[in-house]
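Just so you know, all these numbers are worked out from the coordinates, no wet-lab data involved. This one's a predicted model, so the numbers in the text were calculated from it and none came from an experiment. All Cβ positions, glycine included, derive from the backbone under ideal geometry; neighbour counts span all protein chains shown.
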Amino acid sequence: MPHRQYIHRPTVIKDLLVIAVVNLAFLIVFMQIDFFEGIYQFVMRHENYELDELIPLTFTLAFSWLIFSYRRIRELGIMAHTLEQISLIDPLTGLPNRRSGQLSLISWCELANKHEQPFAVFQVDLDDFKKVNDLYGQLVGDEVLKQVTRKLNAAIPKQALLCRWLDDNFIVIAPITSKSPPYQFAEKLQQAIDDPTMASTVEITCSIGFAIYEKHQIVEDILHDVEDALLVAKHRGKNAIHGHS
């Protein structure tokens, strides 16, 4: 999953340069007006006030404020990172959500172009899933989705990625190998779901469309190809597989 840096380095460098220039300007001004000498003479004239203690106290307060600011900024960075991670996860299934899947697909495309690693994208759509919610209720429907998630996770290799794309729609991104051609891989996904999911009362089937990534193809194009393939599979009467050609 992509990790976003919360410290923008060019901005930090620019801010440090501004701080250095401003402090240098103040130093020059103070030297011109003998600012520090004036403070020293004032302190010496009022020794009974113990004003000389203010100088180290000022440095101590400045250092304490620096530590305080650093810790608050660090906490904000951790909080922002945590919120981003939450925004990339589907709360029901625990899978990467659509946004996370799109970001991951961009990375897969970049790696495929750089290292010529072929892969395919599979869109798995549960057939007539609305009927499950209508007949058995939302809670049963949620449990079915969780079990489908577990079955799909068990059916894919470790290097593949499973995302929840829509309500009853999943995306799988998987490398292409001689041992696992795309169509056979889609059949494996379909077989994992075809078994009864909720005892013997709820039977789930799925339609799958897939497309093989072509070099320098943009993400929108391969997703469009996958959706077209899924529509063809659906029009065949569901519980079907179709690969984009």
Checklist line | Exposure proxy order (Cβ contacts within 10 Å, fewest to most) of VAL140, VAL172 | finding: VAL140, VAL172
Item checked: Cα-projected label distance for LYS14 with ARG99, points at 7 Å along beta-carbon direction, nm -> 2.5
Check: At a Förster radius of 22 Å, what calculated FRET efficiency corresponds to the Cβ-Cβ distance of GLU203 and GLU227, to the nearest 0.05?
Finding: 0.30
Next item on the list: For GLN217 paired with THR60, estimate the spin-label separation in nm (one decimal), with each label point 7 Å from Cα along the Cα-to-Cβ line.
Entry: 6.8
Checklist line | Length added when fully stretched, THR177-ARG72, from 0.36 nm per residue minus Cα-Cα | finding: 32.9 nm
Next item on the list: Using the number of other C-beta atoms within 10 angstrom as an exposure proxy, rank LYS146, LYS179 with the fewest first.
Entry: LYS179, LYS146
Notebook entry, point to check: How do ILE28, ILE204 line up, fewest other C-beta atoms within 10 Å first?
Noted result: ILE28, ILE204
